[in-house]
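What follows is a single structure, written as structure tokens, with notes after it.
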Amino acid sequence: MRILIVGCGNVGQTLTQQLSKEGHDITVIEEKRNVLQNVVNSYDVMGIVGNGASYSIMKDAGIESADLMIAVTDSDELNLLCCLIAKKAGNCHTIARVRNPIYKKEINFIKEELGLSMVINPEEAAANEAERLLKFPSATKIETFARGRAELVKMIINEESKLCDKALKDIPPELKKHVLFSVVSRENEVYIPDGSFVLKAGDEVTIFGSSRNTVNFFKKLGLPTAKVHSTMIIGGGETAFYLAQNLISLGIKVTIFERDAVRCKELSEILPQALIINGDGTDKDMLLEEGVTSVESFVALTNLDEENIMLSMYVKSINPKAKLITKVHRVNYGDIIGSLNIGSIIYPKNITADRIVQFVRGMTNSKGNNIETLYKLNDDRVEAAEFIVRSGSPVIGIPLAELGLKKGILIACINRGGDIISPSGDSTIKERDSVIVVTTLTGLKDISDILEK
């Protein structure tokens, strides 16, 4: 597809990288010449210096023949104006990043009146991910497939785990029933495990299954499956507001630390059920005084990555049972953070880019590609793709053990009319099944691409 991206900040660059890698024809528009030059030099894309809300700039970028325009500048109003101009000039699909909570109540009106295909709020998306993790605290990451019926859940193996030092084939059937071990990350290596693979303490394991079966799996391991009852949030920005609002609706006790007195007053008015503390969340004495050693979860949401990481490390040392969530903007910290074992890491720019890329894949799907959903895992080294199986596919009716799959391919889950199947070698794929494939290969476009030619 032909795609225009306005704004080359963190999200714009992440989108440019992912969408260009998938073979789309990308043109980026950015006012800062040096920023644009770096993007053009790094990726195989066209670049135009200028204001994306200018009709002449849009025209030079090829808006009249574009399939999609994505506006992800730092200004909500500029993004919406870009979408309006793109819709009038090119009649293409439009996506806007809109962050201001003022627009939240009006978003349906704005979408309808401006003809927007999608609106994404990074802070709200990050808060929603944090909420999912606090509802299922044993997981370090949760993604959904098959329209919410199947889940990808990540967990860390510790030394006391029933899975530690066990080969997958030796794990009791009643324990692993109806879930599939699909990816194991160990230090800097990623594996698609077979039955002889031995799990070790510190491994990050990804399992697939229905929501009910993943909960049962965690229960059998003796791990918590119920939501937390209390949380402490450091930083009172928009992500904290959206998260607190969600958690309060679930009956979870919320405490927020915020340095700015004016912001504290605002939060007290809009979140009357939360405890708002005007103070420095990095003050250890204040944290101890407010009960950080007994709180069930701790979420670091300041604007400084280093501060968030250090806070989570400190809380881990004094309250090892607490569920930790740490917001980090710089993805290149990934390897370092992974070695610290500080719970779940949230990357807002990746969450935003992933949601937009999923929409783009849905558009591509309607043009002949049969990928329904695709997630990048383990620092983009693994993909989990959901395919819709169409009539005449070469994978239909053949037992999985006889399919002749490429190396690095695992059939993780089959959704058949809403029934979630954890497949074995005897399982077969039928027409209209939705099949989830986990792979270390990239660029799969069709379910048939999993087969050796």
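One compactness figure for region 146-295 is 1.36, namely its Cα radius of gyration divided by 2.2 N^0.38 Å. Within the chain, DSSP assigns beta bridges of which about 50% are antiparallel (rounded to the nearest 5). Distance from the Cα centroid of region 292-325 to that of region 20-95 is 39 Å (rounded to whole angstrom). Counting every C-alpha pair in region 1-103, the share spaced more than 23 angstrom apart comes to 16%.
Calculate the FRET efficiency for residue 284 and residue 128 from the Cβ-Cβ distance with a Förster distance of 30 Å, rounded to the nearest 0.05.
0.50
Out of the total accessible area of the chain (probe 1.4 Å, heavy atoms of protein only), what percent is carbon and sulfur? Whole-percent figure for carbon plus sulfur exposure: 48. Kirkwood hydrodynamic radius (Cα pairs, Å) of the chain? Value: 23.5 Å, from the Cα pair sum. How much of the pair distance distribution for region 113-163 lies past 14 Å, counting alpha-carbon pairs only, in percent? Of all Cα-Cα pairs in region 113-163, 67 percent lie more than 14 Å apart. Note on region 115-215: Kirkwood hydrodynamic radius from all Cα pairs is 15.0 Å, rounded to one decimal. For the residue pairs 169/327; 323/445; 141/177; 21/407; 349/407; 104/445, the alpha carbons lie more than 26 Å apart in 169/327; 323/445; 349/407; 104/445.
Judged by the ratio a/c of the largest to the smallest principal axis of the C-alpha gyration tensor, region 250-303 counts as oblate, that ratio being 1.5 or greater while a/b is no larger than b/c.
Taking region 241-382, how much of its Cα-Cα pair set, in percent, is spaced more than 18 angstrom apart? Value for region 241-382 (Cα pairs over 18 Å): 64 percent. Seen from a random direction on average, the alpha-carbon convex hull of region 344-421 projects onto 7.0 square nanometres.
Roughly how many Å² is the accessible area per residue of the chain, as a whole number, for a 1.4 Å probe? Provide the component values of the computation, followed by the final result.
Details: 20350 Å² over 453 residues.
Ligands and nucleic acids excluded, the figure is 45 Å² per residue.
With Rh defined as the Kirkwood radius, the inverse of the mean 1/r over Cα pairs, the Rg/Rh of region 165-247 is 1.10.
The values are calculated or read from the model by the stated rules, or taken from the named source; none is laboratory data. Just so we're clear, the structure is a prediction, and the values are computed from it rather than from any experiment. Ideal geometry is used to build each Cβ from the backbone, glycine not excepted, and the neighbour counts take in all protein chains shown. Note: areas computed on protein heavy atoms with side chains; ligands, DNA, RNA excluded. Shrake-Rupley method; radii C 1.70, N 1.55, O 1.52, S 1.80 Å.
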